[in-house]
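To keep things clear, I will list the structure first and then write my remarks on it.
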Amino acid sequence: MKIFLFKKRAIFIFLTFFILFIFSICYFSRSILLASNIDIKEVSSEFTNSINNIFNSNEKIAYLSFDDGPSPSVTPKILDILKEENIKATFFVIGKKVEEHPEIVNRAYKEGHYIANHTYSHNNSILYKDANSFTSEIEKTDLAIGNAIGINNYSSHVFRFPNGFMSNVYKDKKNEYVKLLQNMDYTYIDWNALNKDSEKKYTKKQLLDNLISSSKNKDTLVVLMHDTKDVSDSSTVLKDSINYLRSQGYTFKNFYDFK
Ligand SMILES: [Zn+2]
């Protein structure tokens, strides 16, 4: 009987340690995996090509993107919803806001979202002042992200121009500075669907309708939203937007899926 009891206890202790061991292996390999995703100075040409050709793909994939954050009032709400829905998205962050709220960017990164570069100041007169200023806006943002997530020499490799490359604002400068982006091992991306949350104060239904009409008859979507509430608050309609896109057969990815 004593031997039996002893054995039982030994099995219990063994199992406890075994489970702890498995958990720590999972945890550490996840950290290594996350870090290795972007702790590289150069990206492959396949990655750049995939981003550049994203709108030509006929796969029903939705890349949700949130610009102009982080903001303490909206970004955490969006992160909560994405977590519940098990969706990885992309955040085009503003460097100076990253410096103000590094913990939010750290959380987004740890939860598997892609942290991309959307300038340091989001101020066109600074961004397009000259080549040095343009480069510095990108580098300062990468530095701020790297500090927030604890990675040296972080480069997001993916840039979004304020107002998008497609807008006519500073068009000549944009055409000129694309070369600078390439030299920095960067590519850029706009969007092909949006809910117009930065245009004016819309109701939830109007925001959803905007998404529905702008995504109609499109296969791969890059959806522009904002994780601020400067105009309309997309976090209020995110669940409905996800449900709608799922009902249309979309799956959700972010740019890590290209690496
Ligand atoms: Zn923006």
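No value in this document is a laboratory result; all are computed from the given coordinates. The model shown is predicted, which means the values in this text are computed figures rather than measured ones. Quick reminder, even Gly has a Cβ in these numbers, built from the backbone with ideal geometry, and neighbours come from all protein chains shown.
Of note:
- Under 19 Å from the Cα of K253 - aspartates and glutamates, other chains or at least 8 residues apart: E46, E59, D67, D80, E84, E85, E111, D190, D219, D227, D240
- Only Cα pairs under 8 Å and 6+ residues apart enter the sum, and on that basis the relative contact order of the stretch 39-258 stands at 31 percent.
- For K97, the lysines whose Cα falls under 24 Å of its own Cα, not counting residues fewer than eight places away in the same chain, are K41, K77, K83, K88, K110, K129, K140, K174, K196, K200, K201, K229.
- Multiplying the residue separation of E85 and F165 by 0.36 nm and removing their Cα-Cα distance gives an extension gain of 25.8 nm.
- The modelled label-to-label distance for the pair N175/T203, using points 7 Å beyond Cα in the direction of Cβ, is 4.4 nm.
- Residues E46 and Y244, FRET efficiency given R0 of 30 Å [Cβ-Cβ distance, rounded to 0.05]: 0.45
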